[in-house]
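Notes follow the structure.
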Amino acid sequence: MDFDEFREFGHASIEFLINYLSGIRERDVLPTTTPYAVINQLPKEIPEQPDHWREVLKDLENIILPGLTHWQSPYFNAFFPSSSSAGSIIGELLIAGIGVLGFSWNVKSANRKRYRNIVSEMDAKEFREFGKAAVDFIADYLENIRDDEVLPNVEPGYLLDLLPTEMPEEPESWREVLGDINRVIKPGITHWQSPNMHAYYPTSTSYPSIVGEMLASGFGIIGFSWICSPACTELEVVVMDWLAKFLKLPQHFQHASDGPGGGVIQGSASEAVLVAVLAAREQAVVSYRESHPEVSESEVRGRLVAYSSDQSNSCIEKAGVLAAMPIRLLPAGEDFVLRGETLRQAIQEDVTAGRIPVICIATLGTTGTCAYDDIETLSAVCEEFKVWLHVDAAYAGGAFALDECSDLRKGLDRVDSLNFNLHKFMLVNFDCSAMWLRDANKVVDSFNVDRIYLKHKHEGQSQIPDFRHWQIPLGRRFRALKVWITFRTLGAEGLRNHVRQHIELAKQFEQLVVKDSRFEMVAPRALGLVCFRPKGGNEITTQLLQRLMDRKKIYMVKAEHAGRQFLRFVVCGMGTKESDIEFAWTEIESQLTGLQEEQSLLARKSGNMADLTQHFQIHLTTENATHEKSHYKLASRRSLYNARVFQADHTGDQQHHSPDLEAARQNARIVVIGAGLAGLSAAQHLLSHGFRRTVILEATDRYGGRINTQRFGDTYCELGAKWVKIDGSQDSMYELLRNTEGLGKQIRQPERPTYVQVEQEGGHIKPAMVELIDTLFRQLCRGFKLSDRFKTGRDFHSLDNVMNYFRTESDRIIGASFPQPEDQVAAREIFQSLFKEFGSILGCCLEYVNIEHITKCPVQQEQRPLYVPTGLDNVVDDLIQQLDKEQVQIGKPVGQIQWTPAPQKSVGCLDGSLYSADHIICTLPLGVLKSFAGVLFRPTLPLDKMMAIRNLGFGNPLKIYLSYKKPIKRWLKSNLRPLGTLVNPILDQQAERNWTQQVVEISQVPSSQHVLEVHVGGGYYEEIEKLPDDKLLEQITGLLRRCISNHLVPYPQELLRSNWSTSACYLGGRPYFSTSSSARDVQRLAAPLGERSPSLLFAGDATSLKGFGTIDAARSSGIREAQRIIDFYLNCKHCL
């Protein structure tokens, strides 16, 4: 049954209930039927093929309704009221649809605590609207359940703050109630029906079962005796015999057998086990006293003892507590199985000690490992000692129906009772547990407590049971109705296929575990359960599970045996598919990878700078030789520790206790690492607030960081950041440029390019198509939401990165917007060009980029950026002029950052100089942090910050400039966008040959007549940086000639290109959200460190969510951290 069928069935059932309740006065309150009337009209087995829901409703009208006692009739005056209402009926519908099992932090109860039943205030019209809206709510919830993380993101007590302390005095609109369920209740629900739920065992539901729950609630009967609703009792007899036959249980468990056996529906396995324990206890007391009348009943009860496995469910221990009878948990074997010999030994010990053995509760499908106790050997021992044998098959019982699992049924012909949860494998929602008794009289004799008001004229005149004697409570829900509807609409074949699917999916997961050498199986796979663990100690298993729980993508629990902890992976949820298993495995193995990397990071010794020193010796020397810049003087490790101390006078942390706040600020020693825009902005802000003892340490011989303006040809070229966002905020780059003398009139926006089909020797694309696709692409980026990927009906797990999202969405848009095949080809190439543009901005393959990057960082052109002809370094120069000359130290690559007071906070450089500090602002590029954070900082950075550095991506944007002798306009009439097949550099092994296919745009620098800029997307940046000049010029000239169909395009005179990827002091150029990172990593990276004061602060374009990855983010983050220090001293005023 799919979502649409459920809606039809649900809406029809609402109408059925309205007609029933509206016409209830016209019905006799008591049925006129006789015993067996319902049983005789129904088939003897579950239909093999499913029946249509319309047939089910028809039989409900013709067979079930005549057998109901109408408890909601105004003429029903027996007992006390058993009220129902529209609100209550819909509540049951919603609970069944959401399908939670609240045995720990019970969120479901919140619904009932909040809303009182609306009785007379809701009429049939409102009920129809409310009911159909609730059906649609459930259908939408289950259809989109993959949208939600499986675990709720709330804290204990969250609901108390959202709900009033008393029930409302006046009734509320059902629309308000349904809205609050979505707003208040749903956020606190663990999504048990999610395919990403892999904890415990399945708590299944299905659409027919949900409808059955609603109908049973609508009838509102309490079936504790036959006369209270014959259909309730007789339908239960029918479905329990159906189920016994379906599971191929021994015939003596059927009501239709000649013996005293039969089945009953209990609420849960816990109830079934308790019934068996209590009945066995009472039988044992009576039996022992018959042979030993001299022993008092109290003495007998004090000597009773029961048995089970140490692998059994906790409900068995609880049954012993409630029955006031100790239960010995016997040790299972190494294979987790309890055998007869172990039981025999325990019984013999107890008999020798004068104790009386009562019952053994065996398990088929233990909670921890789904092990199967040896029923054949256990039954032989129980028969020998006259001990009741109960089998708890709560999970594994569903597999009895499969011929390939026939071994599970061995020995069941010798047990006294067994139970099986229909809400695990049979697609019937909780609560619904089947229990069969070999001799039901033993339970009836133990539980029979009659009153005159409970008797009826048919009592004792037939074999129809009064099920109140088979259970703990008196009242009984009409659970058989949802079982009957589910079995009818799914059929025996559908039920068997469901069980087999769970088994096959578990096999798929088992194969993934076995293939990964980092994991080990703890027990053989059993049905839908796989027990495994990462190799190593228990702490690794615990840490891995905690990481999974924190991420809330999947939900698992762990178990323990013989001191070894392990993870349980169970196939659960509705509609679980192979892709869900792959998603879960990817989550598990990637988190183990992260955990192992964390452990590796923590294992590294801080202060070991050999790798760092070697890095600078190799790379800086090469760069200096190439660019004819000054060499850096590198000190040995020994000289660093013996270096002279810069600003060695020790005012230290004690300065904060100075009675003079102004003096404290003036004495504060602040070291800023890096003279990029973040560092310069921080220093300038501090100086403007009186912090004069601020020094900037810059590794290279220039200022500006990613702002790198070079004079080239007849203009200025930007090797780093180029565009400026229009932003009127006080500290933005835009405002800095406006305040810089002479720039105001020269700022202008870039021209639009011409799209050229390279394979067609310069064929142009129509501007109208380009304009349309460009608009569609911007809308695609602006309108992205995580839920979009589900509403289109695509597989949930296929869109884990930006490229997958772009490709999937563009294919959908192209198919809808361009019917002609030739237009589709052109449209796809334009989209691919836009993808490459996005990649060129980030400097990486979009396969590496998290989808969240789109929501947090809009497409650059969408921000209407501006081009600055005279160069962005004017801003840098302006900031430098505001600083004292001695405050900026160039050629100072940092080798060690001591950020705690012991012995004192300081920054050591590789030339041997050492700078004492009270506060350190680190603006090192993310690429340097990724490579050397483990050795730069003493002590090692906290784990969450190290993981943030590891998780965030760092791309390598590439800039190539070509200078020509004669004006370019002679042969280039407009900027060009070459179109062609999008190459995946992750897979491509011929980078040098194919990199030109990743060229995004060839454009004339707006302020020049002779210089072209080449933008490159994809992931070839490092390879291109290393290409020889002549080879690069040859390949780019060949591309230009093909684009404009002019083989006379000249070779450039000069070449200028960036080297962010290979530069020793950057190792990349721009941060991005990788597929393993999120906005939370930015916040973790930006968090300051220090106990009493902000000792170590972090700034830079990777530390600000606003403008993440831009020079605006770099500037604002520098000011942010400077202000943090300023605020610290302002707040110190209160303690002076």
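Read-outs: derived from the displayed coordinates by stated rules, not from any lab. In this text the structure is predicted, and so the values were computed from the model without any measurement. Because the Cβ atoms are built from the backbone with ideal geometry, glycine has one as well, and the counts that use them run over all protein chains shown.
My understanding is that a pair violates if its Cα-Cα distance is over 19 Å; which of 44/482; 535/577; 722/965; 552/930; 722/892 do that in this structure?
535/577; 722/965; 552/930; 722/892
The three principal axes of the Cα atoms in the range 298-429 give end-to-end lengths of 46, 29, 27 Å, sorted in falling order.
For the residues 947, 167, 549, what sequence is obtained by ranking on other C-beta atoms within 10 Å, fewest first?
167, 549, 947
Based on alpha carbons, the Rg and Dmax found for the range 492-603 are 14.6, 57 Å. Protection proxy ranking of 695-701, 916-922, by the mean of other Cβ atoms within 10 Å over each peptide's residues and highest first, is 916-922, 695-701. Ranked by how many other Cβ atoms sit within 10 Å of their own Cβ, fewest first, the residues 769, 214 fall in the order 769, 214.
Around the amide H of residue 557, modelled in the peptide plane, lie the amide H atoms of 200, 568, all under 5 Å away and 5 or more residues distant in sequence or on another chain. Neighbours of residue 331 by Cβ distance under 13 Å: Lys/Arg scored +1, Asp/Glu scored -1, total -3. In terms of the mean number of neighbouring beta-carbon atoms within 10 Å, the peptides 534-547, 299-312, 411-424 order highest first as 411-424, 299-312, 534-547.
For the range 203-321, the calculated P(r), taken from all Cα-Cα distances in 10 Å bins from zero up to the bin holding the longest distance, is 10, 27, 33, 22, 7, 1 percent.
Between residue 1023 and residue 943, the modelled labels are 3.9 nm apart [label points 7 Å from Cα along Cα→Cβ].
Only residues of the range 492-520 count here: report those whose backbone N is under 20 Å from the spot 7 Å along Cα→Cβ of residue 48, or say none. Residues 492-501 qualify, since their backbone N sits under 20 Å from the label point.
For residue 564 and residue 1046, the difference between the fully extended length at 0.36 nm per residue and the C-alpha to C-alpha distance is 166.2 nm. Applying 0.36 nm per residue to the separation of residue 1054 and residue 162 and subtracting their alpha-carbon distance, the gain on full extension is 314.4 nm. Cβ crowding within 10 Å ranks 583, 1073 as 583, 1073, fewest other Cβ atoms first. The distance separating the Cα centre of the range 309-339 from that of the range 1037-1095 comes to 62 Å. With 0.36 nm allotted per residue and the present C-alpha distance subtracted, the residue 535-residue 175 stretch has 124.4 nm of extension available.
Rounded to the nearest 5, what % of DSSP beta bridges with both residues in the range 230-490 are antiparallel? That works out to approximately 40 percent antiparallel.
As an exercise, use a Förster radius of 22 Å and the Cβ-Cβ distance of residue 887 and residue 1123 to find the FRET efficiency, rounded to the nearest 0.05.
0.75
Seen from a random direction on average, the alpha-carbon convex hull of the range 230-490 projects onto 14.4 square nanometres.
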